[in-house]
Every structure is written in structure tokens, then in C-alpha cells.
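Taking it in order: structure first as C-alpha cells, then the write-up.
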Amino acid sequence: LECRADGDPPPSTRCARDDGGTRDGGSHHGGVARGRVVTRADGGRYVCRATNRHGVAVRSVLVTVECECDTGEGTPGC
């Protein structure tokens, strides 16, 4: 997931799973998670929070992983 926000001063952003669950560092500063396989267990509500000295903006998104495919490494993923 990518979390982007504009502001003056530029805000810091954080994207995390709403239920507090994490998988392989499920909370990311800058909002970008890369380099790992996604599975159905990664589905759920995620919250993106942008913060600067003027305040906080929060948005959420519901993520559904609809398939699991063979990664060729013996582990399911999509």
C-alpha cells in the first residue's frame, strides 16, 4: 500500500493495519511495503495517517486479496 499526502510543511505518513495485526512489518513509514508475497491473510482494513504541525488527516481502505497463486517456491501467494 502506498500512503501519500501533500502539505506545508510536508507531512509524515504511516500506513498500518487497523486491527493492529502485522505481517513482516505490516506498518510502514512512507506507506510503501515492497518485496514480499501477499496472501489472503493480508486482507483487512488499513489506515493511512498523515501528520504535520497543523494536524492529522486519516483515511482507511478495505483490502481484499482474492486469490492465492503458486509462487514456485512452495508457498502460496498472489
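Among residues of region 42-73 being farther than 21 Å from residue 13 by Cβ and open to solvent by less than 70 Å² (accessible area, probe 1.4 Å), the one that is modelled with the lowest pLDDT is 71. Residue-level check: of (1) surrounded by fewer than 10 Cβ atoms within 10 Å (Cβ to Cβ); (2) at pLDDT below 95, residue 16 misses just (1). Listed by first and then second residue, the pairs with beta-carbon distance under 6 Å, at least 6 apart or on different chains, first residue in region 38-64 and assigned to a strand (DSSP E or B), second among the basic types (Lys, Arg), are 44/17; 46/17; 48/59; 49/14; 58/49; 60/45; 62/45.
The values are calculated or read from the model by the stated rules, or taken from the named source; none is laboratory data. Model, not experiment: these values are computed from the prediction. Every residue, glycine as well, gets a Cβ built from its backbone with ideal geometry; the counts of neighbours run over all protein chains shown. Note: accessible area is taken over every heavy atom of the protein model, side chains too, but ligands, DNA and RNA are not part of it. Shrake-Rupley method; radii C 1.70, N 1.55, O 1.52, S 1.80 Å.
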